[in-house]
Structures are given as structure tokens and as C-alpha cells.
């Protein structure tokens, strides 16, 4: 990996840590992951006790258990910025388990976001999707166009997984996944 790509990966890791550390206490904890799941549910008006709400929380919980098991080197039940950075910048961290867990979260969010149940997201459904919804209208429209890989005017489950995988695994700032969710270097 080039030095430039390594620097980008470190910046991206910093951004992701900040996103996940919802209470800004310098650690990622289960409460942060639960808060992210609850935020998605609130955004879509879905109750935690509903089947779709429970599925999303279970997916986040499985991801949390996997992450804390792999990353929490000091055994305190939370992830420091240093632990997270070491893990995320390690070329060996990308595992099939992590990809499957990210896919489970993506599936649970798709099940919630796909209001008409057609298995794909229209722009209006996508606009409420967690990351684009935090963006402005123009950025959400650009993200939708980038994620609509086949150009059919909809974002499919597979397109969501493809772009999420690129975002989570690529150190190339020009990669589709890294471009879809905005300018990472500007957010550090």
C-alpha cells in the first residue's frame, strides 16, 4: 500500500471512529452501537420491539461482539481509538465474518428502508437511509447515483452490499465506496 493510501485509510479510520463514538468519550462501546441502531430505527419510525427493529438490533449486537472480541486487546469491554486504528489499518482485518456481519446490518436496514417491499430502494426511500439522510439533498442524490451501479433508477440490496464493502475495505480514495459517502478527508 502506498503512503498516500495508508494516510487515507488512517483518515477514514478516524472519521469512522468519530461516527461510532456517539457519546464522544474516546471509546466505542456497546451503547454506541446500540445508539446507532436506535438512530436508524427512529429515522424510519420503527419500534425496537418490532420484528424489523429486533432484527436490526441483533445484527448490530452480533457485529459488536465480533468487533470487541477481535479488537479489545486490553479486555476492558470497549474499544479505544488506538485499538480501533490498529485493527482497521491492519490489512488482515478484512474477514469473511466481518463482511457477513456488515451484510446482516445492510439487510436489516434494507428491510426497514424498503417501504414498498419491492427489494430495492427508490430515491425517496434511499433519502432516509442513515448516511445519505445526514447529508444535504445534493450529496444524497450523488450518493444514490453512485450506488445505482446498474443505472436502473433504484438501489438494490446487492448494490448496497457492494458499495458498503468497498467503503469498509478500500484504502483508495478514488474507490466507489469511498466516494459515495462524501469527502472523507474533508471530514477529519
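Can you name every residue in segment 20-37 that is in a helix (DSSP H, G or I) and in contact (Cβ under 8 Å) with a residue 12 or more places away in the chain? Passing the criteria: 20, 30, 32, 33, 34, 35, 36, 37. Taking (1) surrounded by fewer than 17 Cβ atoms within 10 Å (Cβ to Cβ); (2) at pLDDT 90 or above; (3) farther than 24 Å from residue 157 by Cα in turn, residue 22 satisfies each apart from (1). Could you go through segment 92-100 and let me know if any residue there is crowded, with 17+ Cβ neighbours inside 10 Å and under 30 Å from residue 151 (Cα atoms). Looking through segment 92-100, at least one residue is crowded, with 17+ Cβ neighbours inside 10 Å and under 30 Å from residue 151 (Cα atoms). All conditions but one from (1) part of a helix (DSSP H, G or I); (2) surrounded by 14 or more Cβ atoms within 10 Å (Cβ to Cβ); (3) modelled with pLDDT under 95 apply to residue 55; the one that does not is (3).
Quick one: residue 164 ticks every box in (1) at pLDDT below 85; (2) in a loop (DSSP other than H, G, I, E, B) except a single one, so which number is it? The failed condition is (2).
Take the conditions (1) touching a helix residue (DSSP H, G or I) at 6+ places or on another chain (Cβ under 9 Å); (2) free of Cβ contacts under 8 Å to residues at least 24 places away in the same chain; (3) over 20 Å from residue 166 (Cβ atoms); residue 42 misses just one of them, which is (1).
Modelled with pLDDT of 75 or more, under 16 Å from the mean Cα position of the chain (by Cα) and more than 21 Å from residue 61 (Cβ to Cβ): does that describe residue 135? No: the conditions fail for residue 135.
The values are calculated or read from the model by the stated rules, or taken from the named source; none is laboratory data. All values derive from a computational prediction rather than experimental measurement. Neighbour counts are summed over all protein chains in view; Cβ atoms, including those assigned to glycine, are modelled from backbone coordinates with ideal geometry.
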